[in-house]
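The values are calculated or read from the model by the stated rules, or taken from the named source; none is laboratory data. Since we're looking at a predicted model, the values are computed, not measured. Cβ sites come from the backbone with ideal geometry, for glycine too, and all protein chains shown count toward neighbours.
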Amino acid sequence: MTGPVLAVDQGTSGTKALVLCPDRGVIGSGTAPVRPRHLPGGRAETDPHELLASVVDAGRRALADAGEPVAAVGLANQGETVLAWDPATGTPLTDAIVWHDKRAEDICAELAPHADRLRETTGLPLDPYFAAPKMAWIRRHLTREGVVTTSDAWLVRRLTGAFVTDAATAGRTQLLDLDEVTWSPEALDVFGLAGERLPRVVDAAGPVGDTDAFGPRLPLTGLLVDQQAALLAQGATGPGDAKCTYGTGAFLLAQTGDRPRRGGSGLVSCVAWRLAGRTAYCLDGQVYTAASAVRWLTGLGVIGGAADLDRVGASEPDAGGVTFVPALAGLAAPWWRGDVRGSLTGLGLDTTAGHLVRALCEGIAAQVVELARAAGDDLGAPLGPLRVDGGLTRSALLMQTQADLLQAPVEVSALPDATALGAGALARLGLDPRLSLAEAVPRWRPSAVYEPRIGAGEAAERMEAFRGAVAALTARAR
């Protein structure tokens with residue numbers, strides 16, 4: 001049995017770190033903020049030094065809180081955030097372009113004739129959300145110097161000196177051959193990235209290198225992209241198991257087992273993780289704005305923050321005929337319409353803050369329903385209960401709305417920080433490969449289960465209203 005480990009989740013708006021003990025659970029925690037800059041034209045950037053500082057600060061705070069040594073470190077990352085940097089010194093050469101940045105739209109439009117072939121090879125649709133279009137944009141507009149990678153490769157270089165990325169994060173670039181789990185020369189050529197020095201693709205668990213960034217020298221033994229780390233922590237390890245994480249965006253992943261599923265639903269087919277050289281795959285669907293939409297509503301003064309969702313929403317029995325499509329950064333899966341903007345319809349002089357809150361919750365939940373439906377279509381059977389985690393799962397209103405529209409149980413993780421739990425499980429597995437996956441992953445228990453409180457007919461009516469609003473938006477944006 002391994003001792004406690006440090007698990008670090010480097011996210012869009014902050015970094016969370018937990019000290020996890022196999023017997024006692026979470027025995028220490030720490031956080032540090034990250035402040036991405038949102039610029040005109042759908043651009044979003046972060047200072048790379050702030051990313052690294054947040055990892056170090058959160059990790060040190062968690063260790064201080066625990067007050068006892070750990071055996072290893074696991075790191076989860078944002079996935080599609082990219083930057084250029086000097087491989088000799090680790091010095092950033094650009095800011096980090098955040099995953100939801102839209103600046104590479106023109107590159108994607110230019111490469112549209114290659115879209116079908118890219119999707120077949122990499123499992124991903126051609127969209128600026130993924131890393132390769134951003135990498136190509138950096139090479140065209142900012143610098144030809146150094147290397148250009150996802151943020152995890154830079155963080156690992158700064159922490160340990162190694163130049164690696166895990167297979168699942170590599171799969172978020174649109175440069176990885178999904179079947180071979182190796183870099184694709186064809187995809188690299190399409191994006192004008194042939195000849196680039198790319199990190200070595202490694203398993204999610206295993207020794208990467210040592211770091212003294214957190215104080216005592218520790219091995220880094222776990223690496224995984226954030227949503228797949230949450231999938232692992234939720235115990236979703238069998239085909240058809242699914243989870244949704246409600247963070248800055250909402251991300252639904254469904255396991256497909258040892259082979260990728262390339263369906264026609266609009267979902268992404270990608271690597272879930274690679275362990276001991278064996279690859280597991282999943283379907284992935286994204287809602288770009290979840291907590292970020294709540295922050296938007298907060299900025300307008302409608303609510304004071306996410307903690308107000310239930311209180312303000314409770315002031316009204318329903319959304320009062322208001323329909324909110326919170327596509328504030330475009331529509332992702334299954335539509336893939338980054339050009340679409342959000343809409344609020346059905347407003348009247350009697351519309352209240354409570355109506356707006358309920359409409360926002362319905363808009364987020366309805367998009368997740370569309371993802372779950374698409375996953376069921378690709379898998380050939382409807383998904384069962386949906387396991388959920390993330391900060392917004394604290395809202396009973398949102399979770400009940402999700403269960404109502406999904407017409408299936410929603411099981412809330414006992415700990416909202418599932419991504420860090422997954423990173424910690426991989427750190428333990430990388431430290432002691434004799435452990436089975438079941439032994440490394442904490443036993444999953446829900447803290448609450450939300451059952452549907454409305455009938456299928458009412459759920460269908462509410463979903464049709466949402467789909468009508470989406471159809472109107474996509475028609476106008478053409």
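Does region 363-378 contain any residue that is modelled with pLDDT of 95 or more, crowded, with 18+ Cβ neighbours inside 10 Å and more than 20 Å from Ala254 (Cβ to Cβ)?
Within region 363-378, one or more residues are modelled with pLDDT of 95 or more, crowded, with 18+ Cβ neighbours inside 10 Å and more than 20 Å from Ala254 (Cβ to Cβ).
Going through region 314-367 one residue at a time, which ones are assigned to a strand (DSSP E or B) and more than 23 Å from the chain's Cα centre (by Cα)?
Thr323, Ser343, Leu344, Thr345
Consider Thr149 carefully, then state whether it is of a type in the set (Ser, Thr, Tyr), closer than 19 Å to Gly41 by Cα, modelled with pLDDT of 95 or more and within 22 Å of the chain's Cα centre (by Cα). Don't jump to the end; show me each part of the working.
Details: of a type in the set (Ser, Thr, Tyr): yes; closer than 19 Å to Gly41 by Cα: no; modelled with pLDDT of 95 or more: yes; within 22 Å of the chain's Cα centre (by Cα): yes.
When the stated conditions are applied, Thr149 does not pass them.
Does Val98 meet the test of being in contact (Cβ under 8 Å) with a residue 12 or more places away in the chain and closer than 29 Å to Arg24 by Cβ?
Here the answer is no, as Val98 does not meet what is asked.
Pick from region 107-138 the residues that are within 22 Å of the chain's Cα centre (by Cα) and not in a helix (DSSP H, G or I): which of them is surrounded by the most Cβ atoms within 10 Å (Cβ to Cβ)?
My answer is Tyr129.
Each row is one residue, and each column tells you yes or no for (1) crowded, with 19+ Cβ neighbours inside 10 Å; (2) at positive phi.
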position	(1), (2)
Gln228	yes, no
Leu232	yes, no
Ala236	yes, no
Cys244	yes, no
Leu252	yes, no
Arg259	no, no
Gly305	no, yes
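For Val470, which of the numbered conditions (1) surrounded by 20 or more Cβ atoms within 10 Å (Cβ to Cβ); (2) at pLDDT 95 or above; (3) over 18 Å from the mean Cα position of the chain (by Cα) fails to hold?
Unmet condition: (2).
Go through region 57-105 and report how many residues are assigned to a strand (DSSP E or B), among the β-branched types (Val, Ile, Thr) and closer than 26 Å to Lys134 by Cβ.
Of all residues in region 57-105, those assigned to a strand (DSSP E or B) come to 73-77, 82-85, 92, 96-97.
After this cut, where a residue has to be among the β-branched types (Val, Ile, Thr) as well, the list is 73, 82, 97.
Still in the list and also closer than 26 Å to Lys134 by Cβ: 82, 97.
Qualifying residue count for the region: 2.
Please identify the pairs in which a residue from region 194-217 that is under 20 Å from Gln228 (Cβ atoms) has its Cβ atom under 6 Å from the Cβ atom of a residue that is assigned to a loop (DSSP other than H, G, I, E, B), counting only partners at least 6 apart or on another chain.
Pro199/Phe163; Val208/Ala162
Select from region 268-290 the residues that are part of a loop (DSSP other than H, G, I, E, B) and under 14 Å from the mean Cα position of the chain (by Cα) and write down the one among them that is farthest from Ala306 (Cα to Cα).
The first filter runs over region 268-290 and keeps only residues part of a loop (DSSP other than H, G, I, E, B), leaving 276-277, 288-290.
Now narrow it down to the ones that are under 14 Å from the mean Cα position of the chain (by Cα): 288-290.
Values: Tyr288: 17, Thr289: 14, Ala290: 11 Å.
The qualifying residue farthest from Ala306 (Cα to Cα) is Tyr288.
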